[in-house]
Amino acid sequence: MRHISRMQDHSPTHIAFSLNATDGKARTGVIDTPRGAIRTPAFMPVGTAATVKAMMPESVAATGADILLGNTYHLMLRPTAERIDRLGGLHKFMNWDKPILTDSGGFQVMSLAGLRKLTEKGVTFKSHIDGSKHELTPERSMEIQRLLGSDIVMCFDECPALPADRDRIAESMRLSMRWAARSKDAFGDRPGHALFGIMQGGLERDLREESAEALKEIGFDGYAVGGLAVGEGQAAMFDCLDFAPGFLPQDKPRYLMGVGKPDDIVGAVKRGIDMMDCVLPSRSGRTGQVFTRHGVLNIKNARHQDDPRPLDENCGCPACRNYSRAYLHHVFRAQEMISGMLLTWHNLHYFQDIMQGMRDAIAAGRFADWETAFHAGRAQGDIDPL
């Protein structure tokens, strides 16, 4: 374990990353922003349409979240970035006074498949809501994210689904690097806001290195590892993470986009990742899937209907403090709204507990021991068939 100290500009208009300690490749530190500190490793709950589904903003904060993710694609369509700007910006609009990261919209546009057309300029697509036609370019993505007022802005990229052939991955990566340069130019000088570049290159080591070198030449406040968790499987993702983060600057935060399950998160941090996001805790909560220290529960299963125990006896969230598995099974089966609220709260709380556990372990130089205990707990067997 290595403790690190350095001088940083922590002025009110500056975003700075302090790397405080390392343990192997695992890192812990702080991203200081005018809206508050982001402790790393950090998990960002996803507030796609300016809300973390089934949660009040203060409830999300109570789980330990320092930052949320908002979605450029969805917000540009409804209610529109211009409307949010007129109403005071995304923080005021959704009543969240901590930092917000917005993605560029590229991933969602990719998923539209037959509804989009890709050119050097950008992407034209039809809205999944009403079929209206829109254009998203690096410049427009920067404009939307400026109107939203997000603290961390992602440059516009193209993300092919895996598997894909090498030529397709290389072509896409190089287009994304050209878009990254245009994003940087369009972002301009915005004190108090950060712009992150996005590394692409699929699972190819040389393409990942080429992408990282292009991004470093442009220069960003942080760097994301994009193009993973798109169908390649955990083993392939970890193989890529064994080398990809090492191509990025050591003194900037590293963000793995769209990950993931608890063991994905732990494996990513082990390999040098500082930030992650995923819809899984909230989406799973609404469908009755519960993450615990001992595995995954499906609260809808009949074995829980007479069970007086909490979901997780070591959890301090409201669902575990105040309600039994039997009650949570009942309200889920009865399709009561409180079910999604309580199960989502528990899942988000558990994910933040994992992050705090890793931060403490890295700082103490005991990450390997913590990881062993984490996997041992999940192997104890209180798991439902999925």
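The values are calculated or read from the model by the stated rules, or taken from the named source; none is laboratory data. All values derive from a computational prediction rather than experimental measurement. When we count neighbours, we look across all protein chains shown, and the Cβ atoms used for this are built from the backbone with ideal geometry, even at glycine. Each accessible area value is taken on the protein alone, full model and side chains, heavy atoms only, with ligands, DNA and RNA left out. Shrake-Rupley method; radii C 1.70, N 1.55, O 1.52, S 1.80 Å.
Within region 55-78, being open to solvent by 40 Å² or more (accessible area, probe 1.4 Å) and within 20 Å of Ile354 (Cβ to Cβ) holds for one residue alone: Ala62. Looking at the structure I just gave you, is Arg333 charged (D, E, K, R) and over 27 Å from the mean Cα position of the chain (by Cα)? So Arg333 fits the description; yes. Failed condition for Cys320, given (1) surrounded by 23 or more Cβ atoms within 10 Å (Cβ to Cβ); (2) in contact with a Cys (Cβ under 8 Å, 6 or more places away or on another chain), with all others met? For Cys320, the exception is condition (2). Scanning region 267-288 for residues that are in a helix (DSSP H, G or I) and buried (at least 23 other Cβ atoms within 10 Å of the Cβ) turns up Ala268, Val269, Pro281, Ser282, Gly285. Name the single residue, out of those in region 89-117 being closer than 18 Å to Pro160 by Cβ and open to solvent by 70 Å² or more (accessible area, probe 1.4 Å), that is nearest to the chain's Cα centre (by Cα). Result: Phe107. Report yes if some residue within region 348-357 is in a helix (DSSP H, G or I), surrounded by 14 or more Cβ atoms within 10 Å (Cβ to Cβ), at negative phi and touching a Cys at 6+ places or on another chain (Cβ under 7 Å); otherwise report no. Yes, because at least one residue in region 348-357 is in a helix (DSSP H, G or I), surrounded by 14 or more Cβ atoms within 10 Å (Cβ to Cβ), at negative phi and touching a Cys at 6+ places or on another chain (Cβ under 7 Å).
Checking region 216-232 against the condition returns no match, with no residue being of a type in the set (Lys, Arg), touching a Pro at 6+ places or on another chain (Cβ under 8 Å) and open to solvent by less than 40 Å² (accessible area, probe 1.4 Å). Applying the criterion of at least 2 residues that are in contact with a Phe, Trp or Tyr (Cβ under 6 Å, 6 or more places away or on another chain) and in contact (Cβ under 8 Å) with a residue 12 or more places away in the chain to the helices (runs of 4 or more DSSP H) found wholly in region 65-169 leaves 106-110, 138-148.
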